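The values are calculated or read from the model by the stated rules, or taken from the named source; none is laboratory data. Remember, predicted model here, so these are calculated numbers, not experimental data. Cβ atoms come from the backbone with ideal geometry, glycine included; neighbour counts cover every protein chain shown.
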Amino acid sequence: MTIQRMDNVLIVVDDLDAVIAFFVELGMELEGRGPIEGRWVERVIGVDDVRQDVAMLRTPDGHGRIELAMFHTPKAISPEPKDAPSNTLGIRRIMFAVDDIEDVVARLRAHGAELVGEVTRYEDGFWLCYVRGPEGIIVGLAEQIG
């Protein structure tokens, strides 16, 4: 048997409002937001005394989703270093296809985002860049050329 689809990627955050605003500016849509707690979630994630707020965002095509979780209890654990470089083990970025990379970068800068490197052309196919947003989240952007 094979998987049916990928449902979402979870990002644990400290400032849920700021990260929601960042992804909404990118073009994602907020599907819902609310508190999550209880024995069932503790059993699923293997952490006791869980109380968190969760938000689910989706891409405009409805196929991609990001789940954001802000833990009230127990407090989230910070990784080291906080702004890990792109070659750090683990998940480093989420990539999005965009229509106008320069416009998206400018709009995300209003939410505190900074380019990790620079906007670069990849052969004759794409303009690419990495942007570090709130809480060190790295988002890759790709604009198809032509």
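For this structure, a couple of remarks:
- Of everything in region 74-110 that is in a loop (DSSP other than H, G, I, E, B) and of a type in the set (A, V, I, L, M), the residue that is surrounded by the fewest Cβ atoms within 10 Å (Cβ to Cβ) is Leu89.
- Unique match (being more than 27 Å from Met6 (Cα to Cα) and either out of contact with any Asp or Glu (no Cβ under 6 Å at 6 or more places or on another chain) or outside the structural domain of Val24 (by TED's automatic domain parsing) (or both)) among Asp103, Asp83: Asp103
- Verdict on Glu135 being within 14 Å of the chain's Cα centre (by Cα) and either closer than 26 Å to Asp7 by Cα or charged (D, E, K, R) (or both): yes
- Looking across region 10-53, the residues that are part of a strand (DSSP E or B) and under 16 Å from Glu135 (Cα atoms) come down to Leu10, Ile11, Val12.
The rows are residues; the columns are (1) aromatic (Phe, Trp, Tyr); (2) farther than 21 Å from Leu108 by Cβ.
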site	(1), (2)
Thr2	no, yes
Val9	no, no
Asp14	no, no
Met28	no, no
Pro35	no, yes
Trp40	yes, yes
Ile45	no, yes
Lys82	no, no
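- Residue in region 62-69 that is in contact with a helix residue (DSSP H, G or I) (Cβ under 6 Å, 6 or more places away or on another chain), modelled with pLDDT of 95 or more and not assigned by TED's automatic domain parsing to the domain that holds Glu37 present: no
- All positions within region 1-42 that are more than 16 Å from the chain's Cα centre (by Cα), free of Cβ contacts under 8 Å to residues at least 24 places away in the same chain and surrounded by 13 or more Cβ atoms within 10 Å (Cβ to Cβ): Glu37, Val41, Glu42
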